1. Consider A:ILE40 against the criteria (1) crowded, with 18+ Cβ neighbours inside 10 Å; (2) more than 10 Å from every other protein chain (Cβ to nearest Cβ); (3) aliphatic (A, V, I, L, M): it satisfies all of them except one. Which criterion is unmet?
2. Scan (1) over 14 Å from B:GLY76 (Cα atoms); (2) open to solvent by 60 Å² or more (accessible area, probe 1.4 Å); (3) of a type in the set (Gly, Ala, Ser) for the single condition A:SER98 breaks and write down its number.
3. Can you tell me which of (1) in contact with an Asp or Glu (Cβ under 9 Å, 6 or more places away or on another chain); (2) farther than 24 Å from B:GLU56 by Cβ is the one A:ALA88 doesn't meet?
4. Give the residues of segment A:74-121 that are under 22 Å from A:LYS59 (Cα atoms) and acidic (Asp, Glu), sorted by residue number.
5. Among (1) facing another protein chain (nearest Cβ under 10 Å); (2) modelled with pLDDT of 95 or more, there is one condition A:THR85 misses while meeting the rest; what is its number?
6. With the requirement that a residue be within 7 Å of another protein chain (Cβ to nearest Cβ) and either under 16 Å from A:ARG38 (Cα atoms) or at pLDDT 95 or above (or both), what does segment A:108-138 give you?
7. Can you tell me which of B:GLU67, B:GLU56, B:GLU73 is open to solvent by less than 60 Å² (accessible area, probe 1.4 Å), within 9 Å of chain A (Cβ to nearest Cβ) and without any contact (Cβ under 8 Å) to a residue 12 or more places away in the chain?
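The values are calculated or read from the model by the stated rules, or taken from the named source; none is laboratory data. Just so we're clear, the structure is a prediction, and the values are computed from it rather than from any experiment. Please note: Cβ atoms are built from the backbone with ideal geometry, for glycine as well, and neighbour counts cover all protein chains shown. Ligands, DNA and RNA are stripped out before the accessible areas are found, and what is left, the full protein with its side chains, is counted by its heavy atoms. Shrake-Rupley method; radii C 1.70, N 1.55, O 1.52, S 1.80 Å.
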Amino acid sequence: MLIAQNNATRYIQGGMRLENNNKTWHEFVDDRSLEMDRVIAEKIRANPKLVQIALSNIKRWLANPDYSDSNRQAILEWKKIIETTTVAALVTLLESNSEEARRLRQSSPFCGILTPGERQAIFRKYETHRGRAYLASR
Amino acid sequence: MKRTEVEHILRAAKEIAGEDEFILLGSQSVLGAFPDAPLALRRSIELDIYPRHHPEKSDLIDGAIGERSLFHETHGYYAHGVAPETARLPAG
């Protein structure tokens with residue numbers, strides 16, 4: 001686990017380059033989501049048991065009788081993917097920037113794998129672009 | 001997402017941002033006018049919002065109840081703190 005965290009920390013510090021200043025904030029949000037998933041993929045690659053956290057989230061959400069049918073549909077799609085694909089294929093999906101991967105990422109069950117510090121570091125990295133994107137749109 | 005889940009996010013966002021009015025964008029905004037919109041239109045666990053009068057406070061929403069937050073992990077849905085330009089159409 002320690003090795004995985006060290007790898008994740010290195011990834012965040014290097015990570016994706018933010019070089020396109022013409023992007024909208026929403027495009028930066030997509031990049032931020034991808035970067036989180038790439039760190040998660042790195043951690044899962046080092047410790048495949050972490051996939052169980054996503055399955056545990058799915059199980060808990062689906063057990064809530066008030067959880068909406070529309071949310072269930074989105075989450076069941078992930079459940080099927082996780083239960084029927086190899087860890088290698090799952091990691092590839094998490095690291096992908098395809099349209100399908102971006103769609104799935106919006107309903108991700110991969111919460112609780114990043115530490116609060118790792119999440120905060122990624123958010124902080126992208127936050128400088130929020131004001132810039134907002135001002136550029138005015 | 002369903003209307004009560006949107007309302008839950010809005011209550012949380014109100015506490016976090018100290019704002020009373022929010023703009024909802026994206027696919028889930030249909031729930032404002034059509035609470036029983038078809039499932040196919042509501043198949044997302046994210047809600048794009050920003051405070052109407054202080055959009056710069058979207059970062060607080062992202063941090064507290066955004067993607068991969070404890071709120072997301074606990075409830076299975078979350079808010080995206082977006083910017084007004086998200087809904088801006090190109091000229092022409």
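1. Looking at each condition in turn, A:ILE40 falls short on (2).
2. If we test A:SER98 against (1) over 14 Å from B:GLY76 (Cα atoms); (2) open to solvent by 60 Å² or more (accessible area, probe 1.4 Å); (3) of a type in the set (Gly, Ala, Ser), just (2) comes out false.
3. Going through (1) in contact with an Asp or Glu (Cβ under 9 Å, 6 or more places away or on another chain); (2) farther than 24 Å from B:GLU56 by Cβ one by one, A:ALA88 breaks only (1).
4. A:GLU77, A:GLU83
5. (1)
6. Within segment A:108-138, A:CYS111, A:GLY112, A:LEU114, A:ARG119, A:PHE123 meet the criteria.
7. Working: B:GLU67 fails: without any contact (Cβ under 8 Å) to a residue 12 or more places away in the chain; B:GLU56 fails: open to solvent by less than 60 Å² (accessible area, probe 1.4 Å).
Going through B:GLU67, B:GLU56, B:GLU73 in turn, just one is open to solvent by less than 60 Å² (accessible area, probe 1.4 Å), within 9 Å of chain A (Cβ to nearest Cβ) and without any contact (Cβ under 8 Å) to a residue 12 or more places away in the chain: B:GLU73.
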